[in-house]
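The values are calculated or read from the model by the stated rules, or taken from the named source; none is laboratory data. This is a predicted model, so every value here is computed, not measured. Note that we place each Cβ from the backbone using ideal geometry, even for glycine, and neighbour counts take in every protein chain shown. Side chains are part of the model used for accessible areas, which takes the heavy atoms of the whole protein and leaves out ligands, DNA and RNA. Shrake-Rupley method; radii C 1.70, N 1.55, O 1.52, S 1.80 Å.
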Amino acid sequence: MTPRRACLLATVLTVIAGIAAVPAAGGWLVRPLERAIDPSLTVTDRDGRALRVFLSADESWRLPADLDRIDPGYQAMLIAIEDQRFNAHIGVDPLAVVRAVGQMIGAGRVVSGASTLTMQTVRLLDPRPRTLGAKAVEAARALILERRLGKREILALYLTLAPFGGNLEGVRAASLAYLGKEPVALTPAEAALLVAIPQAPERLRPDRHPQAARAARNRILLRAADAGAITASHAAEASVDPIPTIRRPMPMHAPHLTRRIALAAASGTASVATPVDGDLQRRIEGMAAHWAETLEPDAGIAVVVADATNGAVLAHLGSPDFFNARRAGQIDMTRAMRSPGSTLKPFLYGLAFDDGFLDPRSIVTDAPQRISGYAPANFAPVHIGELPAADALRQSLNVPAVAILDRYGPARFVNRLRATDARLELPHATDHPGLAVILGGVGTTLEDLVSLYTGLSGDGRVRPLVISADQVNRTDSRPLLSAGASWVVARILEEAPHPVHATRRRGGPIAWKTGTSYGFRDAWAIGVAGNRVVGVWVGRPDGTPRPGHYGARSAAPLLFEVFDILPGSTRLTAPMPAGSDTPPSLRPLPPALAYFPPRDRLPGGTPVTIAYPRDGSEIERPGERPIALRAKGGKRPLVWLIDGRPIPASPHRRDAAWQPDGPGFATLTVIDAEGLSAQARVRVRGTP
């Protein structure tokens, strides 16, 4: 540059500065500074970490910068390298201009620039060809921008728009793509790399030009040490750190939930916070991927974890693999309308307890019955006979549940559940609820079931699920059960037989219930422990039957595995409700509730029972002679089993002979022609 051109540049900058100082400088100078920034929408977890980032309208990754969440060392290094007097100048640095002009005069070429971070921000807001005139306009606009925004706002704007190669804009997008993390805490090597890339974004992309990126990073480290931003020893150590050589995909956790949030967000929204526990979400996604490998290639999994105290969704999985077309991975199975199987039974029992016509100790009858023209059957082709209502719920017996629903009223039951905002759909909109509702003859979703089960965590009130962090503290809830009924039902479910296929490594009791829809299309498991509710669905999204796959086998093991990774404090048994000093099991049972009468029994007479030996008895073995077994009632032929294995017996007699293998305990079972059964657990003493 000739001396004449250098003088011309200084004169132009002075004139422009004077123009910018005049309030009526002209809209052509100001308008580009008012351009709205189109951000990428970021959906975050409860700690502010990105669950998923969506492309902006112009298909860029552009994440708004928050200086409080960007490493201070990186900010100091950036200012030391790009604009040492950033915090002191007014948008244009006169000393830098004089230095740059002097270097150009001496060398006859551009040696160093005079652009401040404010001028670079202006250029990012309104890109122009790199000419002398454009430089002057940038200087004028920089002065205006400094009058409109504070230093922190200008720096945040620069860190939002700075180019980092490809469609990456801003330090957050670059840090996620190249380093796999938010720029909250950076090493000196990482900070230097992020300072270097914007100087030549395409030429210094580490995923395409790692050697050039390494050299540029190391030059920044040396300059930072010279400027006092880091020590010389730290610069030397950082210079040998490896350079990232891949560009990572943006975070994409809870894809179905975040997609729902993005579709509901207003245009231009930069961030939406959720109550999701990011660490828990990632662990459940890994677990589901592992479990999916054990299923058929067309089967899917859905999981929801919620805080029972406020309905906050802590983890959400709509499918095990969002991009797996064969598993219909993009369908959100937490919101798919499916048959819930037996998962609504706990609420029926609780409502019956509240209604006063049933007690957990009431004797109900599990025998073939015709109830209002409907003849239900159990999941297993056997009947137990008479047993307490609590045991009928634990064993999820269908016949007693239908009889209880008949007494309570199907329409009333459905309306009570709907009053909590639970979605329940009958097969046809004009249908009236029938008795099959309690066995899965209604449609609902996993999210609705998890919401309903929040009502078993304490006060009997149902909390709607919340997916936005700003709604977590709202007090919305709907009454369903009394606190006492909720507590009793949860304690009953805590004592349900442990699923054979599930393992438990730690934690306290879980109140859990399974369900299986007709044709083995849906396998469910829902559990409550302390202040957490977990719901699991396993099945095929297209509704194809999966014979042999039922709730206790396919869904319960994953339910227990999820509870195993929840904090231990969430697994404590809830205390009895206030004012309930005596456990319900110790209170006198009113005579009117001792027996819940069955409806019209189907042909077959008195249910079969074991007359000898009685349940719980001890038998002295009579030498080598067999032990006589006698049944009472039931329709012949009868089948006898010892520990699940049949023994020879005349099918038309009510007695049989049993030759024990030796002393010890044994379970005796007799089954009649109608599928009714009876059991007795006995102990044999003596020697063979």
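Numbers below:
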quantity	calculated
Solvent-accessible area per residue, Å², over the chain with all protein chains present [probe radius 1.4 Å]	44
Two-decimal Rg/Rh across the chain, once Rg and the Kirkwood Rh are taken from alpha-carbon atoms	1.18
Inter-centroid distance (Cα atoms) of segment 286-309 relative to segment 360-392, Å	33
Cα gyration tensor category, rounded, prolate or oblate, for segment 404-541 with a/c compared to 1.5	rounded
Rough spin-label spacing in nm, given labels placed 7 Å along Cα→Cβ, for R128 and A185	4.4
Beta bridges by DSSP in the chain, antiparallel share as percent, to the nearest 5	85
Sequence ranges 153-162, 655-664, ranked by mean other-Cβ count within 10 angstrom, highest first	153-162, 655-664
Derived scalar couplings ³J(HN,Hα) [segment 215-230; Karplus, 6.51 cos²θ - 1.76 cosθ + 1.60; whole Hz; x for Gly, Pro]	4, 5, 4, 5, 5, 5, 4, 5, 5, 5, 5, 4, 7, x, 6, 9
Computed over segment 160-273, Cα set: Rg, Dmax in Å	16.2, 51
Stokes-Einstein diffusion coefficient of segment 255-409, Kirkwood radius over Cα pairs, 10 °C, 1.306 mPa s, in µm²/s	84
Distance histogram for segment 346-416 (every C-alpha pair counted, 5 angstrom bins, percent rounded to whole numbers)	3, 17, 30, 25, 19, 5, 0
Segment 476-549 - Rg and Dmax from Cα coordinates, angstrom	14.8, 40
Over the chain: helical MRE at 222 nm, DSSP H runs n ≥ 4 each giving -39500 (n - 2.57), nearest 500	-9500 deg cm²/dmol
Peptide ranges 241-253, 49-61 listed from the most packed, as the mean C-beta count within 10 angstrom indicates	49-61, 241-253
Cα long-axis angle, helix 151-161 against the chain (0 to 90 degrees, to the nearest 10)	70
Within the accessible area of the chain (1.4 Å probe), percent carbon and sulfur	55
